[in-house]
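The values are calculated or read from the model by the stated rules, or taken from the named source; none is laboratory data. Since we're looking at a predicted model, the values are computed, not measured. Quick reminder, even Gly has a Cβ in these numbers, built from the backbone with ideal geometry, and neighbours come from all protein chains shown. Surface accessibility is based on the protein's heavy atoms, side chains included, excluding ligands, DNA and RNA. Shrake-Rupley method; radii C 1.70, N 1.55, O 1.52, S 1.80 Å.
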Amino acid sequence: MKFEHPALPYAANALEPVMSARTVEFHWGKHEAAYINNLNKLLEGTPMENDTLEEIVRKADGAIYNNAAQAWNHIFFFFQLSPDPKKKPEGVLAHAIEDSFGSLEKFKEEFAKAGATLFGSGWAWLSVKPDGKLVISQGSNAHNPLRDGHVPLLTADVWEHAYYLDYQNRRPDFLAGLWEIVDWKVVEKRYEDTL
Ligand code: MN
């Protein structure tokens, strides 16, 4: 199987001013394309050649894991963003966030802190644990919570390539801006699929 680099459902400049067209063009257009191309090359002639991307993320190691998880994580990140997002969760997800974190505002604070305090490159996550509880986590490099038995719901890419063109060293400003473009409709659907 050859993995494709999917087209985004919005224009490169649609997330401005939170994320510039230049960032989307480099981050999605170049970085994500490279992970997918590298993965396709690395998979040739291996026993994982016909596996799904999720299966590869769950079991691969080394360079195949790194490129597969980065490919998966970026699709997960960019497809949860929208120029016309639902600005807050409702229903079962809203209740689960209140139960786990006290309020949506507290959740946003803790999630942004996880992103801001990760040393070096990586990702912040909101996931569902095997017991059904929500958890915020941070992981270095190409970390993916599927490896911890969690089901991911929401992520923030905190590699410098995600924000440096627009925010330089101000990672917390990038994280604060994300709430303007995160589409909670997507996150609600991901959560409902776990129930
Ligand atoms: Mn990235």
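Of the residues examined, Pro47 is not one that is under 25 Å from Ile181 (Cα atoms), away from the ligand (no atom under 15 Å from the Cβ) and assigned to a loop (DSSP other than H, G, I, E, B). Asn141 falls short on exactly one of the conditions (1) open to solvent by 70 Å² or more (accessible area, probe 1.4 Å); (2) away from the ligand (no atom under 16 Å from the Cβ), and that condition is (2). The set of residues in region 144-165 that are among the acidic types (Asp, Glu) and either within 13 Å of the ligand (Cβ to nearest atom) or under 12 Å from the mean Cα position of the chain (by Cα) (or both) comprises Asp157, Glu160. Quick one: which residue in Ala21, Ala63 is open to solvent by 30 Å² or more (accessible area, probe 1.4 Å), within 21 Å of His161 (Cβ to Cβ) and more than 14 Å from the ligand (Cβ to nearest atom)? Exactly one of Ala21, Ala63 is open to solvent by 30 Å² or more (accessible area, probe 1.4 Å), within 21 Å of His161 (Cβ to Cβ) and more than 14 Å from the ligand (Cβ to nearest atom), namely Ala63.
Among the residues of region 145-195 satisfying the criterion of being free of Cβ contacts under 8 Å to residues at least 12 places away in the same chain and in contact with a helix residue (DSSP H, G or I) (Cβ under 8 Å, 6 or more places away or on another chain), which is surrounded by the most Cβ atoms within 10 Å (Cβ to Cβ)? Ranking the qualifying residues of region 145-195, first place goes to Tyr167.
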